[in-house]
Amino acid sequence: MHALLEMEKQGERFDYVVLLQPTSPARSSTHIDAAFSQMLSDQRACSMISVSQLDHSPFKAFVINEEGELNGIIGDNANHAGFYAGLARLNHYSFGFEPLEIREFYWQLRAFDESFVERVNSYDMLVVGGGNYFELWVEHSPTGTSFMLAPELFKQIKVPVLFNALGVDPGQGASEQACTRFRFFLDHVLSDPKNMVSIRNDGSLEALNEYIGSEYAQQCIWTPDAGCFVPCSEPILHLEGDYLAVNLAGDMLDQRFTDTDSYTRFLSGLVKLLERYLNQGLVQQIVLVPHIFRDLRAISDLLEQMDDAFRRRSVIVAPLLHGPGSEQIFSLYAGARLSLCTRFHANLCSIAQGTPTIGLVNYRQIEKLYEEMGLSEFAVAVNEESCFETIEALSESLLSAADTKHALFNQKANQARKEYAEYI
C-alpha cells in the first residue's frame with residue numbers, strides 16, 4: 001500500500017496489483033496468466049487469491065518447547081521415547097539430540113532449503129523418524145511424501161542420514177506421480193552408502209514392494225516400531241478392580257468406515273459388548289483412552305449410546321496428554337485386563353506391555369501390524385457384520401485364559417524388542 005501511494009504521488013496509477021510471495025516457488029507464468037483470465041472473465045470479481053488444501057491438520061501438531069523437546073501426539077512420542085531408550089542400550093556411545101519438528105516446515109515456520117542443509121551438515125548425523133512420513137499421496141511434494149526435501153538439496157547433505165522406522169502408507173492413496181517422485185528421491189538416498197532407510201512393521205515393506213518396486217524394498221531395512229521399547233511409567237490413574245482399556249480413533253472416519261451408518265453400527269455394537277462385560281462382572285470399569293483430540297469425538301459418540309447408569313458409574317475417560325511424558329498413558333494399557341484398540345501405537349504399545357489386545361481393524365496398518373507380529377488371529381475387521389461375534393469370542397478366550405494369553409503377548413513383545421535392539 002505504501003508503494004502504491006508513493007507511485008500515485010508521482011502520477012502513476014495502476015489498475016491491478018499482483019503480490020507474488022516467495023514462499024510459492026513452484027508458481028509459473030502460466031498460473032499468473034490463468035488467474036488474470038479467470039478474474040477478468042468475472043465482472044463481479046475485484047480480487048483473487050490462490051489457496052491449497054492442507055495436507056496435515058494444523059491441530060495434529062508438535063512444537064519445540066524451551067527445553068528443545070517435542071510436544072505432540074501420544075503415539076509419535078512413544079516412538080521417540082522408545083528410540084532414545086534403545087540408543088541408551090549402546091553403552092559404548094553417548095548421544096546428544098536437537099529435536100526439530102517436521103510440522104514447523106508444513107506451517108512454513110521453517111523451510112527445506114539451503115539453510116536447512118547447512119544446519120544438518122553442522123551435526124554428525126540426521127535422523128528422520130517418529131511418524132508416517134512416507135505417505136504416497138503428497139503429489140505437490142518434491143519427494144511425493146511428507147518429507148519435502150528436494151533430491152538436489154538432499155545430495156548436498158554431507159553427514160549420514162537415517163530414515164528411522166518410518167511408515168510407507170498407501171491408505172490415503174498412492175498416485176503414480178507421487179510414487180515416481182519417491183523412487184527418484186530413494187535413488188539419491190540409497191546410492192550413498194552412508195545413508196540408511198528403515199521402515200516399520202505396519203505393512204510398509206509390502207507397500208514398498210507393491211507401489212515402489214522390489215528393487216527399492218530390498219535396500220530398506222525392516223524393523224519393529226520403537227514404540228515396543230517405550231518405558232512403562234507409574235500408573236497415571238489408580239484404578240480399583242479389573243478394567244478394559246479401549247482406544248477409538250476419531251480421525252479419517254470417511255476412510256475407516258464405508259459410510260456414516262457403518263460407523264454408527266460399529267459404535268452401537270461396541271456399546272452392547274461393553275455393557276455385557278460390565279453386567280457379567282468380567283470387568284468393573286471401562287477406560288477410554290484418547291490419543292489425539294479427534295478421538296474425543298469418537299468417545300463422545302460412544303457415550304451417547306451407552307446406558308446412563310454405566311456411563312456415570314463404570315466409565316472413565318483418560319486425560320488427553322501431549323508432549324514429553326505423554327507416554328505415561330501407556331501405563332493404562334499395562335494395567336488393563338484386556339485392550340481393544342484401533343490406533344497403530346495403541347495396539348503396538350498395549351502388546352508391548354504384554355497385555356492381551358484385540359486390534360479393531362478399520363485401517364490397513366493395523367491388520368498388517370498384527371500379521372507381522374504373528375498375532376493375526378487377534379485382529380478383527382470392524383466393517384464386517386459378524387465382527388462383534390468374533391470380538392466377543394476372542395475376548396472370552398483371552399479373559400478366561402489370562403495367564404496363557406499374557407504369556408503369548410509377552411513372548412511377541414519380547415521378540416519385537418529383540419528385533420528392534422538388533423536393528424539399533
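The values are calculated or read from the model by the stated rules, or taken from the named source; none is laboratory data. Computed from a predicted structure; not experimentally measured. Counting neighbours? That spans all protein chains shown, and the Cβs are built from the backbone with ideal geometry, glycine included.
Check whether at least one residue in the range 228-238 is outside the structural domain of Trp137 (by TED's automatic domain parsing) and out of contact with any helix residue (DSSP H, G or I) (no Cβ under 7 Å at 6 or more places or on another chain), and report yes or no. Yes: the range 228-238 contains one or more residues that are outside the structural domain of Trp137 (by TED's automatic domain parsing) and out of contact with any helix residue (DSSP H, G or I) (no Cβ under 7 Å at 6 or more places or on another chain). Taken over the range 364-394, residues that are surrounded by 20 or more Cβ atoms within 10 Å (Cβ to Cβ) and either in the same structural domain as Ala81 (by TED's automatic domain parsing) or of a type outside the set (A, V, I, L, M, F, W, C) (or both) amount to 3. Looking at this structure, is Ser191 polar (S, T, N, Q), assigned by TED's automatic domain parsing to the domain that holds Gly144 and either crowded, with 22+ Cβ neighbours inside 10 Å or touching a helix residue (DSSP H, G or I) at 6+ places or on another chain (Cβ under 9 Å) (or both)? Taking the combined requirement at face value, the residue does not satisfy it.
In summary, Val230 fulfils each of the numbered conditions (1) at pLDDT below 90; (2) in contact with a Ser or Thr (Cβ under 6 Å, 6 or more places away or on another chain); (3) crowded, with 22+ Cβ neighbours inside 10 Å with the single exception of condition (2).
Scanning the range 115-174 for residues that are surrounded by fewer than 22 Cβ atoms within 10 Å (Cβ to Cβ) and among the β-branched types (Val, Ile, Thr) yields a count of 7. In the range 179-194, which residues are within 28 Å of Lys158 (Cβ to Cβ) and in contact with a Phe, Trp or Tyr (Cβ under 8 Å, 6 or more places away or on another chain)? Phe182, Arg183, Phe185, Leu186, His188, Val189, Leu190, listed by residue number. Going by the structure shown, is Tyr211 outside any loop (DSSP other than H, G, I, E, B), touching a residue at least 24 places away in the same chain (Cβ under 8 Å) and not assigned by TED's automatic domain parsing to the domain that holds Glu367? Considered against the rule, which asks whether it is outside any loop (DSSP other than H, G, I, E, B), touching a residue at least 24 places away in the same chain (Cβ under 8 Å) and not assigned by TED's automatic domain parsing to the domain that holds Glu367, Tyr211 comes out as yes. If the condition is being within 27 Å of Gly171 (Cα to Cα), in contact with an Asp or Glu (Cβ under 6 Å, 6 or more places away or on another chain) and of a type in the set (A, V, I, L, M, F, W, C), then the range 250-301 contributes only Leu267. Is one or more of the residues making up the range 70-78 at pLDDT below 75, within 30 Å of Thr143 (Cα to Cα), of a type in the set (Asp, Glu) and part of a loop (DSSP other than H, G, I, E, B)? Looking through the range 70-78, none of the residues is at pLDDT below 75, within 30 Å of Thr143 (Cα to Cα), of a type in the set (Asp, Glu) and part of a loop (DSSP other than H, G, I, E, B).
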